[in-house]
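Below is one structure, written out as structure tokens, with a few remarks after it.
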Amino acid sequence: MLALFLVLAQLELPATAKAFPFPTEVQTLDNGLRVVLVQYDSPGLVAYYTLMRVGSRNEVEKGRSGYAHFFEHMMFRGTKQHSAEDYNGTVTRLGLSTNAFTSEDMTVYHLYGPAQALPTIIEYEADRFRNLFYDEPAFRTEAGAILGEYIKSASNPEQKMFEKMVETAFTRHTYGHTVIGYLKDIENMPSGFEYSREFFRRYYTPDNATLFIAGDFDKAATLALIEKAYGGWSGKLDAVAVPREPRQRSATGAAFSRFAS
């Protein structure tokens with residue numbers, strides 16, 4: 001096995017080899033929304049990703065950690081046109097798989113399934129990003145669900161260890177708190193309804209979003225549908241400055257880096 005590994009390690013890749021071998025086309029709408037079209041041989045199947053450039057690094061106000069992750073949940077609450085029940089029922093009826101995740105730097109929403117569902121995907125996704133609707137009771141309910149998620153994760157000692165590690169590694173930058181946020185901030189989240197509106201206004205804007213459509217689809221027809229559905233999405237990114245981290249010189253940071261690797 002070692003001999004095989006050494007042989008493979010010495011093989012030279014063709015000069016034309018690319019890390020991502022599929023052709024891509026990037027379009028930008030007038031409102032700043034970027035659209036990346038990736039066609040490849042996947043008969044009858046398509047994947048649809050919405051990447052919002054907002055993560056836990058954008059949570060700069062003290063006591064407000066966890067809001068990027070909060071909206072990963074809240075975006076499935078529906079709109080006045082398409083309720084959460086309507087959205088979930090449509091996804092099930094069309095045979096789609098849908099989910100989302102949040103990291104330090106982004107929140108990503110994705111669907112995957114039959115290509116014939118693409119027009120409906122575009123309609124429903126554009127609606128929820130343009131017209132997300134939730135009232136204070138729904139906000140409080142979801143905040144309670146996130147508290148439950150934190151408590152479940154906290155049963156694993158690694159959660160507290162990781163919290164302490166990033167606090168030690170970053171003294172100013174918002175990488176110093178975890179994606180889910182601090183327990184105290186999550187416990188106080190039910191009182192943050194108005195702040196949640198402000199957070200959404202700042203970051204859920206077309207110029208802070210990128211759509212990725214990959215698989216079996218007609219490029220011109222898909223782009224026309226996207227322009228129609230998303231063209232009226234307004235708003236401009238109003239990001240709050242993230243504190244700069246000073247150059248790290250102590251041995252403590254290096255020790256934690258080794259622990260994390």
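The values are calculated or read from the model by the stated rules, or taken from the named source; none is laboratory data. Fair warning: this is a prediction, and the values are worked out from it, not measured in the lab. Cβ sites come from the backbone with ideal geometry, for glycine too, and all protein chains shown count toward neighbours. What goes into the accessible areas is simple: the full protein's heavy atoms, side chains included, and nothing from ligands, DNA or RNA. Shrake-Rupley method; radii C 1.70, N 1.55, O 1.52, S 1.80 Å.
Restricting the search to region 68-105, which residues are over 13 Å from Y124 (Cα atoms) and assigned to a loop (DSSP other than H, G, I, E, B)?
G95, S103, E104, D105
Determine if region 140-150 includes at least one residue that is closer than 28 Å to A241 by Cα, touching a Pro at 6+ places or on another chain (Cβ under 7 Å) and open to solvent by less than 70 Å² (accessible area, probe 1.4 Å).
Checked region 140-150: at least one residue is closer than 28 Å to A241 by Cα, touching a Pro at 6+ places or on another chain (Cβ under 7 Å) and open to solvent by less than 70 Å² (accessible area, probe 1.4 Å).
Can you find a residue in region 74-89 that is over 20 Å from the mean Cα position of the chain (by Cα), at pLDDT 95 or above and aliphatic (A, V, I, L, M)?
no
Specify the residue that is surrounded by the fewest Cβ atoms within 10 Å (Cβ to Cβ); the eligible residues are those in region 207-221 that are of a type in the set (A, V, I, L, M, F, W, C) and assigned to a helix (DSSP H, G or I).
The qualifying residue surrounded by the fewest Cβ atoms within 10 Å (Cβ to Cβ) is A220.
Starting from region 24-52, keep only residues that are more than 15 Å from L111 (Cβ to Cβ) and touching a residue at least 24 places away in the same chain (Cβ under 8 Å), then list their pairs with residues that are in a loop (DSSP other than H, G, I, E, B) and open to solvent by less than 20 Å² (accessible area, probe 1.4 Å) whose Cβ atoms are within a distance under 6 Å, requiring at least 6 positions of separation or different chains.
N31/W233
Any residue in region 153-162 that is open to solvent by less than 50 Å² (accessible area, probe 1.4 Å) and either within 30 Å of V91 (Cβ to Cβ) or of a type in the set (S, T, Y) (or both)?
yes
For region 182-206, name all the residues that are in contact (Cβ under 8 Å) with a residue 60 or more places away in the chain and surrounded by fewer than 16 Cβ atoms within 10 Å (Cβ to Cβ).
Result: K184, N188, Y195.
Among residues belonging to region 1-47 that are among the hydroxyl-bearing types (S, T, Y) and assigned to a strand (DSSP E or B), point out the one that is modelled with the lowest pLDDT.
Going through the qualifying residues, I end up with T24.
What do you reckon, is V108 open to solvent by less than 40 Å² (accessible area, probe 1.4 Å), within 30 Å of D218 (Cβ to Cβ), outside any helix (DSSP H, G or I) and out of contact with any helix residue (DSSP H, G or I) (no Cβ under 6 Å at 6 or more places or on another chain)?
yes
When region 207-236 is examined, which residues are found to be more than 12 Å from L118 (Cα to Cα), in contact (Cβ under 8 Å) with a residue 12 or more places away in the chain and among the basic types (K, R)?
The one that is more than 12 Å from L118 (Cα to Cα), in contact (Cβ under 8 Å) with a residue 12 or more places away in the chain and among the basic types (K, R): K236.
State whether one or more residues within region 164-173 are open to solvent by 20 Å² or more (accessible area, probe 1.4 Å) and within 25 Å of M74 (Cα to Cα).
No; the residues of region 164-173 include none that is open to solvent by 20 Å² or more (accessible area, probe 1.4 Å) and within 25 Å of M74 (Cα to Cα).
Got a sec? Which helices (runs of 4 or more DSSP H) wholly within region 137-205 have at least 2 residues that are under 16 Å from Y67 (Cβ atoms) and out of contact with any strand residue (DSSP E or B) (no Cβ under 8 Å at 6 or more places or on another chain)?
183-188, 193-203
Can you pull out every residue in region 48-67 that is of a type in the set (S, T, Y) and assigned to a loop (DSSP other than H, G, I, E, B)?
S65
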